[in-house]
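Read the figures in this text as sums done on the coordinates, not as results from a lab. Computed from a prediction, not measured in an experiment: that's the story for all the values here. A quick note on method: Cβ atoms are made from the backbone with ideal geometry, for glycine too, and the neighbour counts reach across all protein chains shown.
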Amino acid sequence: MASSLSVSKITTPNTNSASLPESLRSRSIKTCFLPFNNTNHFKTNLSASSLTTTRENRFVTSLRIRCSQTDGNGVPAKRTVLHDLYEKQGQSPWYDNLCRPVTDLIPLIESGVRGVTSNPAIFQKAISSSSAYNDQFRELVQAGKDIDSAYWELVVKDIQDACKLFESIYDQTDGGDGYVSVEVSPRLAEDTEGTIEAAKWLHKVVSRPNVYIKIPATAACVPSIKEVIANGISVNVTLIFSLERYEAVIDAYLDGLEASGLNDLSRVTSVASFFVSRVDTLIDKMLEKIGTPEALDLRGKAAVAQAALAYQLYQRKFSGPRWEALVKKGAKKQRLLWASTSVKNPAYPDTLYVAPLIGPDTVSTMPDQALQAFIDHGAVARTIDSNASEAEGIYNAIQKLGIDWSYVGSQLELEGVDSFKKAFDSLLDSLQEKAKSLKLVSK
């Protein structure tokens, strides 16, 4: 008989089932449902032999998955490919979205999601399109908070609540997983000192061990990364679009660990968010402009090829005498995180930026579309370094066509920072208007 998990009725979430060892899982199987809050939903019937998918138009629908029943206490431990992704290949699936009610994350955690990423665009969408924030916002404005301060209090509450949900994963992995990311103001992307101070402030006000402070990998903020790591603050470095900048990010992490003066480095961790799909979006346009058969044949291949080379760089940098000296102090590798994993071109497979990038000690953060697609028909196998020579060949072929990878990285960085700034400013404007409509402020 099918059992249904109603998020709205859950008051005390139990996330322990997210990481149960194989030995504790029963052999009995039953059907469970995972609700997804998305306008485009798929109802998936997962059996041992086949997958069938039907599109539904309801606002809230479900992913039907196999799940097993634990022995003794009757707590469901749902099994999806996300569990296999982590347990068999060492890659952590994270969710690239956050909104209220934060308890909507509970079924995702039970399905194998092990962390959350957010950014200014995600919060712009969440806060401006939902009434769930109105009561807190009203109280903040009535208390005399300005719009900027009110925004950060809304954000910090969501981050704290999400951190609580992932706390058991953080504890079970000894600080290796279960993180929630929150980004400093995008207005600080060219301000080294401002970013350092903002990161320290955010870390202090969130006050959760499993929070990642997101810092953009701009030239101005690379020194900020070193300083923030040196202060013992864990960091998600975001908006990485090129191998050159990625290497600078790794060096900043290593420099920060060495400069920290800490004897135990085990609680200072980091991920490097390497963006994927946006690379193809830009390079595909350039290839189409060139227009030769060779150029057109390379469409949709650039992003995954560069990511595969980034993984090679990761392996080289986190080995050797320098790294081994840090390991003796408890240092953990700065994991590669694949970001921007949703497919922008509908002609491409919907798991294009997830399936070819599976490898140990990595993270894949997926928005709804990519997450649903991978749960539905994703295959779990180590793929990130399955054909390194082909990746290098694609990378070099694109360069030989006259496409400058450095330009691509710089252009995408500018676009990324600008996009987050616009989202941030738009949200503050909408909050100002909301405050006016509530007749609580007049400006």
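General remarks:
- Taking Lys and Arg as +1 and Asp and Glu as -1, the other residues whose beta-carbon sits under 15 Å from that of D280 total +1.
- Whether the range 150-235 is rounded, prolate or oblate, judged on the alpha carbon gyration tensor where a/c under 1.5 counts as rounded: oblate
- For Y95, the residues 5 or more places off, or on other chains, whose built amide H falls under 5 Å of its own are R114, G115, V116, T117, M366.
- Charge context of I122, other residues only, Cβ under 14 angstrom, K/R +1, D/E -1: -1
- Cα pair distances of the range 169-297 binned at 5 Å [whole percent]: 2, 11, 19, 20, 18, 11, 7, 5, 4, 3, 1, 0
- Counting neighbouring Cβ atoms within 10 Å and putting the fewest first, the residues T269, T173, T365 line up as T173, T269, T365.
- Shape call, the range 288-410: gyration tensor on alpha carbons, a/c limit 1.5: oblate
- Computed log10 I(q)/I(0) for the range 80-437 at 0.07, 0.08, 0.10, 0.12 Å⁻¹: -0.29, -0.38, -0.60, -0.87, from the Debye equation with unit scatterers placed on every C-alpha and solvent omitted.
- Qualifying trypsin sites (Lys or Arg not before Pro) in the range 312-404, where qualification requires a DSSP coil assignment and no more than 15 other C-beta atoms within 10 Å, comprise K328, K329, K344, R382.
- Amide H to amide H distances under 5 Å link I215 with N236, V237, T238, where only residues 5 or more positions off or on other chains count and H is placed in the peptide plane.
- Among the trypsin sites (Lys or Arg not before Pro) found in the range 191-267, those both in a DSSP coil and sparsely packed, with 15 or fewer other Cβ atoms within 10 Å of their Cβ, are R267.
- Formal net charge of residues neighbouring P186 (Cβ-Cβ distance under 11 Å; K, R +1; D, E -1): -1
- Whole-Å distance, taken between Cα centres, linking the range 343-422 and the range 219-281: 20 Å
- Ranked for footprinting exposure by Cβ neighbours inside 10 Å, fewest first, F424, F274, F166 give F424, F166, F274.
- Contact order normalised by residue count of the range 80-437, Cα under 8 Å, 6+ apart, percent: 21 percent
- Among S277, S340, the ranking by other beta carbons within 10 Å of each residue's beta carbon, starting with the fewest, stands as S277, S340.
- Cross-link table K289/K344; K289/K400; K301/K332; K157/K344; K344/K422; K125/K436, entries beyond 26 Å C-alpha to C-alpha: K301/K332; K157/K344
- Backbone HN-Hα couplings from phi across the range 294-302 [Karplus 6.51/-1.76/1.60, Hz, Gly and Pro as x]: 4, 5, 5, 6, 8, 4, x, 10, 5
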